[in-house]
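The values are calculated or read from the model by the stated rules, or taken from the named source; none is laboratory data. From a predicted model like this one, the values you see are computed outputs, not experimental measurements. In this analysis, Cβ positions are derived from the backbone assuming ideal geometry, glycine residues included, and neighbour counts consider all displayed protein chains.
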């Protein structure tokens, strides 16, 4: 027996034994391995397992049952695909019996993902060890072909579905989103929603095709994004000879986050900033005309040529008219000086007599200026003056504040303030102002010079970005 055959007979049972220990430990909470499955059912195509299982149930009323745990204890499995087939079938049966998003539902889906990726990782490790064990180039053995076929069959069909979320529209046509539903890729049930609810698909967001898959949505890209590019596959071929050549499939750049929507929480939005204001720095926006086609100087020159010249001409004409009028008034004044001297004494006497008559008080007359400026809240009663003389103004103001709070508590929330509350409020403001003005002390309060910038208020969704196609315009030549 050759060294390769000895290695194969030893390594495959040991691999299944190690996988059995890990899977039994990981399935204690989900109980996927204890699920009853038909003992005679086997589908060679992984994507048709669910469809073939439903058809098998419709065609067979009675059949024997088993479980993955029983088959692991009996060392039933002779290939990694058989183990993956039964785990996928058990998870499919469990998920379709549980409500979407429940705790047990999430545990079953996580175990299915873990078990599949663990089987792929161990199969790849076994194939790599077998490749290193063969020191001489030989033809691929039957065992190597079986491992390679099972690995390709599982890896090329294993996908993690994009997540989903519910949303509804408010009265302002603004969508409101729920949390992720955590729906599994094995769950093929149709969801019946209420008329006001809608379903949207949540996609992972990657900036570039070579960027790492985003993990903030607890999901990964679908199948096309998981296939390596041709350059990456050429680098992997030296250590992964069993991986198929799929260089024609390129990673698909995921440019959307939500189907028909983009949520601001998952988008790079500019954060609010604070501007520092000081004596030498202003928070007012500045204008840079260095790269402008029409600068502010050009605008000012255009305004002056079209409007400014006309205004300047009218102003200068008015000044000339006023100068001519002043000259005429000066000439008339010299001629009438003599007449002014004659009647000057009589005019002064008349003015004095008129002022005396005007100053006499008349009954019932009111000064309208004083009436307009008068405010009953700006007056102090004799009792309040005595309180200020005794130095008890602080206790008096506290009593007014307590009375105002009591009146406010006795009033219903939607009822406006009463006239008494308004009077007490103005009285408190007036007394506090008088205390501050008579204290001869300027309060040393430093007003904050930081002013926020008001940015665009996003209502919950953003417009979807334009899809950029990465397909080459020229067709690749075939050799």
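What the table below lists for this structure:
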quantity	calculated
Residue count, segment 69-82 (criterion: under 23 Å from residue 157 (Cβ atoms) and either surrounded by fewer than 11 Cβ atoms within 10 Å (Cβ to Cβ) or at pLDDT 90 or above (or both))	0
Pairs with Cβ under 6 Å, 6+ apart, first in segment 432-448 and more than 26 Å from residue 379 (Cβ to Cβ), second at pLDDT 80 or above and surrounded by 10 or more Cβ atoms within 10 Å (Cβ to Cβ)	none
Qualifying residue in segment 86-103 (condition: in a helix (DSSP H, G or I) and free of Cβ contacts under 8 Å to residues at least 24 places away in the same chain)	yes
Test: residue in segment 442-456 that is surrounded by 10 or more Cβ atoms within 10 Å (Cβ to Cβ), within 45 Å of the chain's Cα centre (by Cα) and modelled with pLDDT of 85 or more	no
Subset tally (residues that are closer than 18 Å to residue 381 by Cβ and not in a helix (DSSP H, G or I)) for segment 409-431	0
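Per-residue answers, yes or no, for (1) part of a loop (DSSP other than H, G, I, E, B); (2) at pLDDT 75 or above; (3) touching a strand residue (DSSP E or B) at 6+ places or on another chain (Cβ under 6 Å); (4) not assigned by TED's automatic domain parsing to the domain that holds residue 88:
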{"residue": "165", "(1), (2), (3), (4)": "no, yes, yes, yes"}
{"residue": "184", "(1), (2), (3), (4)": "yes, yes, no, yes"}
{"residue": "190", "(1), (2), (3), (4)": "yes, yes, no, yes"}
{"residue": "211", "(1), (2), (3), (4)": "yes, no, no, yes"}
